[in-house]
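This report concerns only the one structure given below.
Every number here is computed from the coordinates shown, using simple stated rules; none is lab data. None of the values given here were measured: they were computed from a predicted structure. Quick reminder, even Gly has a Cβ in these numbers, built from the backbone with ideal geometry, and neighbours come from all protein chains shown.
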Amino acid sequence: MQQEHNESGEGHAGLQESASGWAAPSTRMGFLKGAAVAGAGAAGLGALAPGSAVAFARKASGGLTKGDLAILGAAQIAEALAVTTYTNIINTAAFFKHLQSDDQGYLKAAVQEEMSHYLLEKSLTGKPAAFTTFYYPAKMFADAQTTLDILVTLEDAFIAAYLIGVRDFSTADLRVTAARIMGIESDHRTLARVLGPNVAKSDGGPIEKITGIQKSAESVDPPNNNGYERTLLLTNISQAVTALLPFVDAAAAGKAGFDAMKPYKFVPFTPTLPNPLGAFHSLKG
């Protein structure tokens, strides 16, 4: 019951207010159309997922539906944004260098995992993400509190988006795959909250509260503070991608108070997952 209260209370209201104020309807529609275009070329499948697994999925489903492609296209944008975020934390954030080695290891593993997710989704849509340039608040990567707030905000959004996939994908194989990815995003949210108290004093630490997408500063003790994953009461993928508008559109970024003059490019790479037991084996699981 507490979870239901959290999702329908002022935290969710804050999400709705932010999403509606980020850009004009035409901008939101442009973003949604772009996400759909990303999934429009499903005939050409990539090589990350084993060919037999992709063939099985397409045979079982009779081909991906428009709804499947919309979710996958949105997921690709989210994963490209995640890769860009983790990459810049590792490469440019001063506080990263002062973290303990196991905390650095989490961030390094996360960027590999997010890249793997992106390539799997690209292998199904047959096209790169519709958006590959991203924007952040002015203090992103320079200020540890801002960086962790945004990191948890993004993971909150990713979890909710993949839960839409669990509900709305047209086949059991795709739904299970969405659940498998959502579980990793949940790991990332918790581990991002673990980082807070370990931020060095010279970098503004220790950080004891982190504010995610529901605009409520939450104690990092305990870091795994969810009894159930938060749906954010999102019911369709268009709501999920609208929540990402300031990160992908310069005009929306400016309205949200982000630094629209400092874009960050998504740079894809070939990932190496931390453990082969946790790698992708097939859409069947």
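Remarks
- Full-stretch length increase - Arg175, Asp221 - with 0.36 nm per residue and alpha-carbon distance subtracted: 13.4 nm
- Each residue of region 189-197 was assigned a 3J(HN,Hα) from its phi angle through the Karplus expression (A = 6.51, B = -1.76, C = 1.60, θ = phi - 60°), giving 4, 4, 5, 5, 6, 4, 4, x, x Hz with x at Gly and Pro.
- Residues Ser282, Ser116 arranged by fewest to most Cβ contacts within 10 Å: Ser282, Ser116
- The orientation-averaged shadow of the Cα convex hull for region 56-128, equal to a quarter of the hull surface, comes to 5.7 nm².
- Structural descriptor for region 137-258: relative contact order 29 percent, calculated from alpha carbon pairs under 8 angstrom and at least 6 residues apart.
- For region 206-223, backbone phi angles converted through the Karplus equation (6.51, -1.76, 1.60; θ = phi - 60°) give residue-by-residue couplings of x, 9, 9, 9, 10, 9, x, 5, 8, 6, 10, 6, 10, 4, 7, 10, x, x Hz, Gly and Pro being listed as x.
- Seen from a random direction on average, the alpha-carbon convex hull of region 215-267 projects onto 5.9 square nanometres.
- Proximal lysines to Lys108, defined as alpha-carbon separation beneath 17 angstrom and excluding residues fewer than eight positions away on the same chain: Lys97
- Here the average projected area of the convex hull drawn through the C-alpha atoms of region 179-241 stands at 5.2 nm².
- As a rough footprinting exposure proxy, the listed residues Asp102, Asp68 were ranked by other beta carbons within 10 Å of their own, and the order from fewest upward is Asp102, Asp68.
- Shape box of region 83-177 [Cα atoms, principal axes, largest first, Å]: 45, 28, 22
- Working note: Karplus 6.51/-1.76/1.60 with θ = phi - 60° gives region 270-278 the couplings 8, x, 10, 6, x, 8, x, 5, x Hz, where Gly and Pro are set to x.
- The ranking of Tyr106, Tyr162 by Cβ neighbour count inside 10 Å, starting from the fewest, reads Tyr106, Tyr162.
- For Val199, the residues whose amide H sits under 5 Å from its own are Ile207, ignoring neighbours fewer than 5 places away on the same chain, with H placed 1.01 Å from N.
- Taken about its Cα centre, region 61-149 carries a charge dipole of about 280 debye when Lys and Arg each add +1 at the Cβ and Asp and Glu each add -1 at the Cβ.
- If you bin all the Cα-Cα distances of region 154-198 at 10 Å, starting from zero, the percentages per bin are 31, 43, 19, 6, 1.
- Straight-distance crosslink candidates among lysines, where the alpha carbon sits under 20 Å from Lys122 and sequence neighbours closer than 8 are dropped: Lys33, Lys59, Lys66, Lys265, Lys284
- Of the trypsin sites (Lys or Arg not before Pro) in region 212-262, the ones in a loop by DSSP (not H, G, I, E or B) with at most 16 other beta carbons within 10 Å are Lys215.
- Pairs of Cα atoms farther than 18 Å apart, region 127-285, %: 66 percent
- Surrounding net charge for Gly196, when Lys and Arg each add one and Asp and Glu each subtract one, Cβ distance under 14 Å: -4
- Label-to-label distance, nm, for residues given as Lys66 and Asp259 (7 Å Cα→Cβ offset): 4.1 nm
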